[in-house]
Amino acid sequence: MKKKLLVVCGGQSSEHSISRISCNSVMKHLDKDKYEITLVGIAKDGKWYILKQEDNDLSKDTWLDGAEVVEGVFNLLRSQDVAFPVLHGLYGEDGTIQGLFELAQLPYVGCRVFASSACMDKIFAKKVFESAGIPQVKSVYVKKRNDGRLVVVEKDMEETEEVEASIMKELGMPCFIKASRSGSSVGCYRCDKVEDLLPKLEEAAKYDTHVVVEECVDCIELETAVLGNDDIIVSRVGQIMPHGEFYTFESKYEDAESKTCIPAKVDEEIQEQIRKYAVRAFKAIDGHGLSRVDFFLDKKTNHVYLNEINTLPGFTSISMYPQLMEDYGYSYSELLDKLMAEDPQLKAKVSYAVGKEQCYTGNEITGERFFPGWLYDEKDEFVQDVKKELEGMGYTPEITQYNFCTNGSHYAGEAGIKTFGLGPSKENLAHTVNEYIEIDQLTKVTDCYYGVMKALLK
């Protein structure tokens with residue numbers, strides 16, 4: 001039986017276009033024999049659409065042609081087995097949609113709410129990594145207040161309006177200015193002169209009111225990929241060789257002269273140190289599923305610094321994460337299968353009940369009962385075949401669901417065998433003290449069982 005997979009792309013962030021490019025690659029490599037795919041696009045205005053899958057290049061402006069508006073988002077989520085949010089930036093990898101999936105009890109690919117939220121904010125991620133003893137370049141936290149003023153937030157959370165002086169004292173020039181909750185180098189600027197500091201801070205603040213300013217280190221940019229939950233695997237280290245002053249949005253996705261190298265052209269000892277730091281950082285934020293961990297290697301001192309963790313890295317054909325995992329031994333398709341494997345930590349579509357029974361001695365026995373859920377869509381072919389057959393025999397079967405346990409909990413819920421229930425009488429009489437069935441109901445349901453066999457054995 002195919003797993004119902006929800007793939008979500010687009011989103012409302014500044015990385016909307018990159019999400020669609022990533023999704024192109026994901027859709028190309030998904031095994032259609034394993035997954036029943038529903039492709040959903042979130043437009044920049046936040047509306048959800050079920051997208052056409054055939055001959056739909058998601059990178060083009062025509063990506064919404066033939067799409068249907070999703071009227072009930074939550075109902076759509078509850079009908080799926082697993083979700084893959086191919087979403088970058090705010091509302092995609094910052095914990096918001098992850099929280100929605102968890103409310104819907106829908107397993108999903110990637111880090112959970114806290115890790116997603118923490119890593120999306122560079123400022124607060126730095127605090128977590130600092131507590132874990134992972135070295136980072138010196139930085140200053142700048143905030144744009146609600147009244148429009150720029151202030152530096154000190155470690156004791158006191159604020160000062162001496163922005164230029166504070167940055168010069170702590171970091172000097174040049175420095176890098178980054179919108180704290182933005183990705184793909186959007187809202188990221190190099191600043192070489194003091195007089196450019198405030199204008200570039202204002203520019204970064206257009207993307208986020210939290211801005212991090214970092215010292216400029218003459219460095220090599222290195223990345224590694226982690227995969228797993230409790231037992232984490234980590235890839236070899238890859239090296240970014242940007243064409244230009246640093247790895248900008250354009251050099252990541254548009255500049256053919258920007259290159260990557262696997263393994264990195266640095267000493268093996270340094271690579272091993274990076275791999276250890278990557279695992280430590282992933283554990284520090286309680287990472288889950290996958291992440292790409294980015295580092296700086298100071299060319300002068302050979303010191304390694306953690307740059308950031310990307311909890312939902314790019315999945316384009318040239319993105320580093322799938323390249324690193326392919327180098328590790330997972331093809332793109334195998335990687336997707338591994339990511340889509342059912343999450344053992346999320347008990348979705350499963351119910352637990354605690355039952356109390358009184359034995360003949362008068363003692364009370366309490367025990368946990370386990371009932372895997374099973375419910376097939378009314379439009380499922382095998383359900384409709386039976387319905388049509390019974391209607392052809394003059395019956396009016398009602399498609400509903402049981403509010404009690406049957407053997408179908410094992411056959412469908414555990415064994416994965418397509419199962420439906422058929423029974424006479426009233427549901428609220430089942431398994432009660434005064435349970436009964438009328439003779440007429442018994443003869444009719446016997447006839448219906450014959451109809452079921454005819455429908456399924458055609």
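Computed from the coordinates by the stated procedures, all read-outs in this text should not be read as laboratory data. If you're wondering where the values come from, they're calculated on a predicted model, not measured in any experiment. For neighbour counting, all protein chains shown are included, and Cβ atoms are generated from backbone atoms with ideal geometry for every residue, glycine included.
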Exercise. Tell me what the chain gives for mean residue ellipticity at 222 nm when only DSSP H runs of n ≥ 4 count, each as -39,500 (n - 2.57), the sum divided by the residue total, rounded to 500 deg cm²/dmol.
Key: -8500 deg cm²/dmol
Practice problem: Enumerate the helices in the chain for which the Kyte-Doolittle hydropathy averages -1.0 or more and the C-alpha atoms extend at least 15 Å along the helix's axis, using complete DSSP H runs. | Solution: 16-29, 268-284, 381-392, 439-456
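Arrange the peptides 46-53, 142-149 so that the one whose residues have, on average, the most other Cβ atoms within 10 Å appears first.
Top to bottom by mean Cβ count within 10 Å: 46-53, 142-149.
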Quiz item: How big is the Rg/Rh ratio for the stretch 138-216, C-alpha atoms only, Rh by Kirkwood, two decimals?
Solution: 0.92
Self-check item: Links that overshoot a 32 Å alpha carbon limit, given the list 144/299; 200/300; 28/206; 44/155; 155/276
Solution: 144/299; 28/206; 44/155
Quiz prompt | the stretch 27-50 and the stretch 296-333: distance between their alpha carbon centers, rounded to Å | solution = 25 Å
Quiz prompt | Ordering of 318-324, 272-278, 72-78 by burial proxy (mean other Cβ atoms within 10 Å per residue, highest first) | solution = 318-324, 272-278, 72-78
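Contour minus end-to-end for residue 153 and residue 396, with contour as 0.36 nm per residue of separation and end-to-end as the Cα-Cα distance?
80.6 nm
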Self-check item: Charge dipole of the chain about the Cα centre (unit charges at C-beta), most positive-ward option of 315, 74, 205
Solution: 74
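Note down the magnitude of the dipole of the chain about its Cα centre, charges +1 on Lys and Arg C-beta and -1 on Asp and Glu C-beta and zero elsewhere, to the nearest 20 debye.
Roughly 400 debye for the chain.
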Self-check item: Long-range amide H partners of residue 307 with built H, under 5 Å
Solution: 294, 295, 296
